[in-house]
Amino acid sequence: MPAPEPLSDADLSAALADLPTWRHEHDRLTRTYRLPGHLPAAAMVMHIAALHEELDHHSDVALGYDTVGVAVNTHSVGGRVTELDTRLARRIEEIAAGHGAR
């Protein structure tokens, strides 16, 4: 598998159009989810961890009482955003509603 490349500004803008609740901040894609309580938030964190292993790509995840914060970039390209990051963000979006996240 070829090494990931940082996304161009145009590609990043297109990716964010498909991920309207995510933001590009400090060379990372970020999103905070609000959940109905602590156990649903913790369950979502565990589900995200399983996605990390499946995709072999990991994000920073912060668990609050009823929130989950996610920040992702690709360390191997100097902490820039790559297609790996947008793929992970899309997968997280896919599972979020099942945990009651908004």
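Here are the numbers for this structure:
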{"read-out": "Search result, residues across the range 43-59 that are touching a strand residue (DSSP E or B) at 6+ places or on another chain (Cβ under 6 Å) and open to solvent by 80 Å² or more (accessible area, probe 1.4 Å)", "value": "none"}
{"read-out": "Ala62 vs. criteria outside any helix (DSSP H, G or I), surrounded by 16 or more Cβ atoms within 10 Å (Cβ to Cβ) and over 11 Å from the mean Cα position of the chain (by Cα)", "value": "no"}
{"read-out": "Residues within the range 12-24 that are outside any loop (DSSP other than H, G, I, E, B) and within 18 Å of Gly64 (Cβ to Cβ), tallied", "value": "1"}
{"read-out": "Subset of the range 14-42 (residues that are open to solvent by 60 Å² or more (accessible area, probe 1.4 Å) and small (Gly, Ala, Ser))", "value": "Ala17"}
{"read-out": "Contacts under 6 angstrom Cβ, first residue in the range 10-39 being under 13 Å from Leu88 (Cβ atoms), partner of a type outside the set (Lys, Arg) and assigned to a strand (DSSP E or B), 6 or more apart", "value": "Trp22/Leu29; Arg28/Ala71; Leu29/Val72; Thr30/Ala71; Arg31/Val70"}
{"read-out": "Positions within the range 65-80 being within 11 Å of the chain's Cα centre (by Cα) and either closer than 16 Å to Asp18 by Cβ or buried (at least 17 other Cβ atoms within 10 Å of the Cβ) (or both), in sequence order", "value": "Val68, Val70, Ala71, Val72, Asn73"}
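Residues checked against (1) touching an Asp or Glu at 6+ places or on another chain (Cβ under 6 Å); (2) in a helix (DSSP H, G or I); (3) farther than 14 Å from Pro4 by Cα; (4) among the hydroxyl-bearing types (Ser, Thr, Tyr):
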| residue | (1), (2), (3), (4) |
| --- | --- |
| Thr30 | no, no, yes, yes |
| Tyr33 | no, no, yes, yes |
| His47 | no, yes, yes, no |
| Leu51 | no, yes, yes, no |
| His57 | no, no, no, no |
| Arg87 | no, yes, no, no |
| Glu93 | no, yes, yes, no |
| Ala96 | no, yes, yes, no |
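The values are calculated or read from the model by the stated rules, or taken from the named source; none is laboratory data. Note that the structure is a prediction, hence the values are computed from the model and not measured. Please note: Cβ atoms are built from the backbone with ideal geometry, for glycine as well, and neighbour counts cover all protein chains shown. In case anyone asks, the SASA skips ligands and DNA or RNA and just uses the protein heavy atoms, side chains included. Shrake-Rupley method; radii C 1.70, N 1.55, O 1.52, S 1.80 Å.
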